[in-house]
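The values are calculated or read from the model by the stated rules, or taken from the named source; none is laboratory data. It should be emphasised that the depicted structure is a prediction, and the values quoted were computed from it without experimental measurement. Neighbour counts are summed over all protein chains in view; Cβ atoms, including those assigned to glycine, are modelled from backbone coordinates with ideal geometry. Accessible surface is based on the protein model in full, side chains and every heavy atom, while ligands, DNA and RNA are left aside. Shrake-Rupley method; radii C 1.70, N 1.55, O 1.52, S 1.80 Å.
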Amino acid sequence: MEMLKSKKTMWEKFYRTMEKQEDRRGCAVTLTLNPCMMETLVVDGLKAGQENELYTMTADIGGLGIEVSRILSGCGYASLCTGFEFSTDKKTQEQFMQMLKLPFHFAEAEGKMRSVVKILNKNGDPSTIMKEKGWKISQTALNNLEKKRKKVISGLKPDDLLVIGGSVPAGVSEDIYRSWISEAKQKGSRTVLCAEGSILKESLKETPYAVVFSMNSLAEYKGCSLDTEENVDICVKELLQEGIAVVCVYTDQHEILVADEKNIIRGKAYEKDPVCNCGALASIMAGMCMALICKKEENIMDYILAVLKGTLHKPGNGMCTQTEFEKYFNHRS
């Protein structure tokens, strides 16, 4: 009973705690509409149709927004998670958040959380990912989310961030992210977005402050080939002219581009294959959020690379913490 009472007022306690800080810096509210039970298996070269030796197996609650909050919290930044929780796995999801000491304010939906299985290869071979489609969201659940949105966004301040990313489940409108971005703008808050396909196209109509693209999602959105750096730069500059303040583009090889009205900067997290490829996108978004919260936009690349390295050197589902961030940020090359 105490847990339920605590859950109802958790978002209020989060904002009250922020207000009590004498030197309040911004926080990040992350939105996860399609959470998952993520199992990560590590093998030494996956052999299809054969018996494979399993080295390690880990299981976590995943979803891009939750993963971003997990990194931010581990690096000492305040973050509140919102989005959906599914009735069958509600207790599991809430216990996971409480274990990580992550404040949350979820809307309940019928059904169960989808499953995602990642098979990582110790020998450097490409990873294999299997994703369950998940349950369709009902109108009742959407109404629940609308109530949560009004409460969560009511507490945003101009220095705070709304972080939106990941897929959306069936039954959710393609303009769902656009409406969240619009309401955050009305509070004077900035939005960091990462999406794909039609969801991305709809979301960009509201011009978020910062957008993270994969090379593939940028090529699809612009409808052109990005086979040269010149073509990439042209597309990025067009996005900046449309009003986006910061554009980030990443590749599967952990090559990063960060651009604003002044510069286009390129960097790479690793010259060789890292220990693990899990959490790379969440790390990029978390690094960007940390720089924005600290008002260090000129150092966004440094923050991104430090967080990315801190995550990629860890096996399984390990995420960057303050210890790894300080190691790589203070000794970046």
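Output the number of residues of the range 148-165 satisfying the condition of being outside any loop (DSSP other than H, G, I, E, B) and surrounded by fewer than 22 Cβ atoms within 10 Å (Cβ to Cβ). Walk me through it before giving the result.
Going through the range 148-165, the residues outside any loop (DSSP other than H, G, I, E, B) turn out to be 148-154, 161-165.
Next, only the ones that are surrounded by fewer than 22 Cβ atoms within 10 Å (Cβ to Cβ) stay: 148-151, 153-154.
Selection size over the range 148-165: 6.
Which residue is most open to solvent (accessible area, probe 1.4 Å), if the candidates are limited to the range 295-313 and must be in contact with a helix residue (DSSP H, G or I) (Cβ under 8 Å, 6 or more places away or on another chain) and over 15 Å from His254 (Cα atoms)?
Within the range 295-313, the match that is most open to solvent (accessible area, probe 1.4 Å) is Lys296.
All but one of (1) free of Cβ contacts under 8 Å to residues at least 60 places away in the same chain; (2) in contact with a Lys or Arg (Cβ under 8 Å, 6 or more places away or on another chain); (3) closer than 20 Å to Leu200 by Cα hold for Glu108; which doesn't?
(3) is the only condition that Glu108 fails.
Among Val192, Val211, Val172, Val168, which is the only one that is open to solvent by less than 40 Å² (accessible area, probe 1.4 Å), more than 27 Å from Ala78 (Cα to Cα) and out of contact with any Ser or Thr (no Cβ under 8 Å at 6 or more places or on another chain)? Outline the logic, then answer.
Details: Val192 fails: more than 27 Å from Ala78 (Cα to Cα); Val211 fails: more than 27 Å from Ala78 (Cα to Cα); Val168 fails: more than 27 Å from Ala78 (Cα to Cα).
Exactly one of Val192, Val211, Val172, Val168 is open to solvent by less than 40 Å² (accessible area, probe 1.4 Å), more than 27 Å from Ala78 (Cα to Cα) and out of contact with any Ser or Thr (no Cβ under 8 Å at 6 or more places or on another chain), namely Val172.
Residues that are at pLDDT 95 or above and touching a helix residue (DSSP H, G or I) at 6+ places or on another chain (Cβ under 7 Å), at least 3 per element: which helices (runs of 4 or more DSSP H) completely within the range 1-98 meet that? Before you say what the answer is, go through the steps one by one.
On the way: elements: 2-8, 10-20, 64-74.
Per the criteria, 64-74.
Just give me the residues in the range 200-231 being among the aliphatic types (A, V, I, L, M) and closer than 25 Å to Cys27 by Cα, in sequence order.
Matches in the range 200-231: Leu200, Leu204, Ala210, Val211, Val212.
Restricting attention to the range 243-254, does a residue exist that is modelled with pLDDT of 95 or more, open to solvent by 40 Å² or more (accessible area, probe 1.4 Å) and either touching a Phe, Trp or Tyr at 6+ places or on another chain (Cβ under 7 Å) or of a type outside the set (A, V, I, L, M) (or both)?
Checked against the condition, which is being modelled with pLDDT of 95 or more, open to solvent by 40 Å² or more (accessible area, probe 1.4 Å) and either touching a Phe, Trp or Tyr at 6+ places or on another chain (Cβ under 7 Å) or of a type outside the set (A, V, I, L, M) (or both), the range 243-254 yields at least one hit.
Scanning the range 99-136 for residues that are in a loop (DSSP other than H, G, I, E, B) and touching a Leu at 6+ places or on another chain (Cβ under 6 Å), which turns out farthest from Ala59 (Cα to Cα)?
Restricting to residues being in a loop (DSSP other than H, G, I, E, B) and touching a Leu at 6+ places or on another chain (Cβ under 6 Å), the top hit is Pro103.
If I go through the range 276-298 residue by residue, how many of them are among the small types (Gly, Ala, Ser) and farther than 16 Å from Val29 by Cα?
Adding up the residues that qualify gives 2.
For the subset of the range 175-189 comprising residues that are open to solvent by 10 Å² or more (accessible area, probe 1.4 Å) and of a type outside the set (Ser, Thr, Tyr), which member is nearest to Leu156 (Cα to Cα)?
Lys187
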